[in-house]
Amino acid sequence: MFSTDDSIVAVATPPGRGGIGVVRISGSTSREIAAAMLTRREPLEARRATFTHLIGKNTSVIDEVVVTYFPAPHSYTGEHVVEISAHGNPVVLRAIVGRALEVGARLAEPGEFTLRAFLNGKRDLVQAEAVADLIAAATPVQARVACDQLEGTLTHHIAEIDAELFSLIARLEASLDFPDEGYHFIESEETGRQVGVVLGQLDRLLAGAGRGRLIREGATVVVAGRPNVGKSSIFNVLARADRAIVAEAAGTTRDLVSERIDIEGLEVTLVDTAGLREAVDTVEREGISRAQRAGDVADLLLLVLDGSEPLTGEDEHLLARTVDRRRVVVANKSDLRMAIDRQTDVRVSARTGTGADELRRAIVRELTGEESLRDSAAISNMRHIALLEQARTRLVAARELVEAGETPEEFVLADLQAARALLEEVVGTRTSEELLQHIFAKFCVGK
Ligand SMILES: Nc1nc2c(ncn2[C@@H]2O[C@H](COP(=O)(O)OP(=O)(O)O)[C@@H](O)[C@H]2O)c(=O)[nH]1
Ligand SMILES: [Mg+2]
């Protein structure tokens, strides 16, 4: 997977039909490969969009195309890249890729263009992962977080922490290297203080991790409650009014119905369930046990009550059973005379839509502590968060050693170096083939 001495080709645009479809070729021979496919005889000029014709083996024209040549290193991958913009048709694009294979290209692996960009130093690992996030983003906030990381915001934060750590390690090493001369490049009090500074930087970065992760991964919200309180109606109000991201096939009302929607910037998978009550027949029992399982994995429960009636035993039971869960208790049917004998978090009418905005804000507030997710977040990827948390642990250990006194400086140094190695793993300065394979395998071909 890691050989970069051949030229790779793939369709870079999504499957389907459109005005334009792009085939991308990258590698040392990409210009020669392109030349063998085009009617144009003069060599392609750097970064100039050139109109020409693309021909097959038997010289029949496959399509009219616009070709752009990006010489290394000023290209996406850092290699010679040729982008062929043809008409967006799968048959045409496949024929172009097929022709490129005939004249010496190899079909690209998933994520291989971005992997090459990483291997050639065009992007670090955080930025390469951000490419995948940006392509996958389903809400504007997700796109903004990914774009910030692509632009290097997180890389910059980590570089700052790394620089601080590097200078501390250098001074400690100097003290160790010249002990006899009586040099003291750094006193232990100063070491402890400096470790504290780095910890402070790391803590500020990690403080936004939960929020960032929620933005990136989204949350699952399950609508629960006894039958007929208006769960499906509330589901529809939320799912229809908000921009639905993907409409998944609905099952029967006894099955789970789910929809991915954007609620105040948060990507929410909203799940409607069959009523949670004692099963009256076996079909319903299956629906209910699925509902219970969905409820168990949910990040948040919308516990719906019928506000026009006093609580029933079933309501009481559900309220008691979910008391430790993250939940929003909703009194529905606020268009009717309210008869409910309990304080609830929000009152809505699924029939008129009254209170729906308040319900949306309550959902986001309960999940994030904010009313809406408009701002970006520096850190969002679980891989980065986990590594930075491990680095933090090593720094805390180093500080404890310093504070305990009497510890040889080598031990402190070992912790600091381990912390640094973890930072390097985040940006990919230090990495393994397995990790790269794992990350880039999640990309699609052509990225
Ligand atoms: N008046 C009124 N009726 C509602 C409201 N929401 C739902 N209903 C009615 O309550 C009944 C049950 O609604 P449904 O959404 O199927 O409840 P579910 O069984 O909990 O999914 C239906 O007849 C709805 O029309 C509301 O806000 N006001
Ligand atoms: Mg229902």
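Candidates 427, 152, 68 compared by Cα position along the dipole of the chain: farthest toward the positive end lies 68, with charges placed on Cβ.
Over region 308-447, the Kirkwood radius and the radius of gyration, each from Cα atoms, give a ratio Rg/Rh of 1.24. For region 67-112, the relative contact order is 23 percent, taking Cα pairs closer than 8 Å that sit 6 or more residues apart in sequence and dividing their mean separation by the residue count. For region 95-136, what are the per-bin percents of Cα-Cα distances with bins 5 Å wide, up to the bin holding the maximum? Each 5 Å bin holds this share of Cα pairs: 6, 21, 20, 18, 12, 15, 6, 0. In a simple Cβ point-charge model (Lys, Arg +1; Asp, Glu -1; nothing else charged), region 1-56 has a dipole of about 280 debye relative to its Cα centre.
Any chance you could run the full-extension gain for residue 203 through residue 166? It's 0.36 nm times the residue separation minus the Cα-Cα distance, nm to one decimal.
Result: 11.5 nm gained on full extension.
Panel note: the C-alpha atoms of the chain, placed on their principal axes, show extents of 82, 80, 36 Å (largest first). Overall, the ratio between the Cα radius of gyration of region 385-447 and 2.2 N^0.38 Å, rounded to two decimals, is 1.51. The relative contact order of the chain comes to 16 percent, based on Cα pairs under 8 Å that sit 6 or more residues apart. Residues of region 62-98 with the amide nitrogen closer than 17 Å to a label point 7 Å from the Cα of residue 107, along Cα-to-Cβ, please. Only 90-98 fall inside the zone, counting backbone N under 17 Å.
Of the heavy-atom accessible surface of region 47-180 (probe 1.4 angstrom), what whole percent is carbon and sulfur? Heavy-atom surface of region 47-180 belonging to carbon and sulfur, 1.4 Å probe: 56 percent.
Average accessible surface for the chain: 48 Å² per residue, computed with a 1.4 Å probe over protein heavy atoms with every protein chain in place.
How charged is the neighbourhood of residue 328? Take every other residue with its Cβ under 11 Å from the Cβ of residue 328, and add Lys/Arg as +1 and Asp/Glu as -1. After counting each charged neighbour, the total is +3.
Where in region 51-94 does the label zone of residue 28 land, with the point 7 angstrom along Cα→C-beta and an amide N cut-off under 16 Å? Those under the cut-off are 72-73, 78-81.
Between residue 434 and residue 316, the simple spin-label model (points 7 angstrom out along Cα→Cβ) gives 5.5 nm. The alpha-carbon of residue 122 sits under 15 angstrom from the alpha-carbons of these aspartates and glutamates, leaving out residues fewer than 8 places away in its chain: 79, 112, 151. With kT/(6 pi eta Rh) evaluated at 4 °C and eta = 1.567 mPa s, and Rh the Kirkwood radius from Cα pairs, region 49-188 diffuses with a coefficient of 67 µm²/s according to Stokes-Einstein.
Please report the orientation-averaged projected area of region 326-392, defined via the convex hull of its C-alpha atoms, in nm².
On the way: hull surface 26.7 nm².
Spelled out: convex hull of the Cα atoms, projected over all directions, averaged, 6.7 nm².
Write down, largest first, the equivalent ellipsoid semi-axes of region 61-109 in whole Å, where each equals the square root of 5 times an eigenvalue of the alpha-carbon gyration tensor.
Each semi-axis is the square root of five times an eigenvalue, giving 21, 14, 9 Å.
DSSP bridge analysis restricted to the chain gives an antiparallel fraction near 65%, rounded to the nearest 5.
Dipole magnitude for region 1-108: about 220 debye, using +1 per Lys or Arg Cβ and -1 per Asp or Glu Cβ, origin at the Cα centre.
The values are calculated or read from the model by the stated rules, or taken from the named source; none is laboratory data. For clarity, every value in this text was computed on a predicted model and none was experimentally measured. Virtual Cβ from ideal backbone geometry, glycine too; neighbours counted across all protein chains shown. The protein model used for the area step is the full one, side chains on, heavy atoms only, and it has no ligands, DNA or RNA in it. Shrake-Rupley method; radii C 1.70, N 1.55, O 1.52, S 1.80 Å.
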